[in-house]
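Colleague: Before I ask anything, let me first share the structure, which is written out below as structure tokens.
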Amino acid sequence: MKHKKKTNRCERIITYIRQRMEGISSVPGVLADGALKIGALSFLILFLGSYIGRQNDSLNFIIWSIILWMFGIGYSYHLLRCGEKKDYETIEGTVCEIKGKRIPGRVYKVVVCLSDGKQTILMMDKRQRFEIGKKYRFYFNKKTQGVLFGIQKLDAALNVGSYYGAEEIE
């Protein structure tokens, strides 16, 4: 009887692991890449912070390193769960126009022409590079409530964390 319970438990664990692996394999590359980079950076913070904290005999430094590591791992897990649950929105279209690239500031406007003929203007960070005429898929957080004030730079600054990334489509 005890052997049968153990076998049944092992089968349930194996089934659970298979389901999780199938879910993680369906995560879009943009979200998986972000989770991998943030997770790796979190572990680097943990190891370097622990080492430096030990060298300087600073318990506070070690504790803050652990806290930052926990936040990073939590956000990586959040990205993977969003991808697994399909809890994100996508905008797919061709970049028609880029406005404000040479104007001082942190953001510029990217005009995206959708397949149904409509246009959408996205405020993107200048570190993101897009080319006119290429087709992209943009990933956004589904749960972000759009509280807009009408001031473009303020709206872009307050919308932090809603943009996951973009990938070029062939």
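The values are calculated or read from the model by the stated rules, or taken from the named source; none is laboratory data. Quantities reported herein were computed from a predicted structural model and do not represent experimental measurements. Using ideal geometry, Cβ is built from the backbone for each residue, glycine included, and neighbour counts are taken over all protein chains shown. SASA here: full protein model, heavy atoms, side chains in, ligands and nucleic acids out. Shrake-Rupley method; radii C 1.70, N 1.55, O 1.52, S 1.80 Å.
Colleague: Which residue, S58, G93, W69, has the largest displacement toward the positive end of the dipole of segment 41-98 when charges sit on each Cβ (Lys, Arg +1; Asp, Glu -1)?
Modeller: S58
Colleague: How large is the helix-only mean residue ellipticity at 222 nm for the chain, computed as the sum of -39500 (n - 2.57) over DSSP H runs with n ≥ 4, divided by its residue count, in deg cm²/dmol to the nearest 500?
Modeller: It lands at -17500 deg cm²/dmol.
Colleague: Can you sort Y139, Y164, Y16 by 1.4 Å-probe accessible area, starting with the largest?
Modeller: My answer, sorted largest first, is Y16, Y164, Y139.
Colleague: In nm², what is the average projected area of the convex hull enclosing the Cα atoms of the chain?
Modeller: Projected area, direction-averaged: 16.3 nm².
Colleague: Report, in order of residue number, the helices in the chain meeting two criteria: a C-alpha extent of 27 Å or more along the helix axis, and a mean Kyte-Doolittle hydropathy of at least 0.0; treat each whole DSSP H run as one helix.
Modeller: 29-55, 59-85
Colleague: Here's something else I'd like to know. Quick one: dipole size for the chain, taken about the Cα centre, charges +1 on Lys/Arg Cβ and -1 on Asp/Glu Cβ, in debye to the nearest 20.
Modeller: Around 600 debye, computed over the chain.
Colleague: How far apart, in nanometres, would the label points at T120 and T90 be if each is projected 7 angstrom from Cα along the Cα-to-Cβ direction?
Modeller: 1.2
Colleague: At 7 Å along the Cα-to-beta-carbon direction for both N8 and R102, put a label point, then send me their distance in nm to one decimal.
Modeller: According to this spin-label approximation, the distance is 7.4 nm.
Colleague: Output the relative contact order of the chain, whole-number percent, from Cα pairs under 8 angstrom with separation of 6+ residues.
Modeller: 19
Colleague: Hey, another quick one. Please compute, for the alpha-carbon atoms of segment 3-60, the extent along each of the three principal axes and give them in descending order in Å.
Modeller: Projected onto the principal axes, the Cα atoms of segment 3-60 cover 54, 36, 12 Å.
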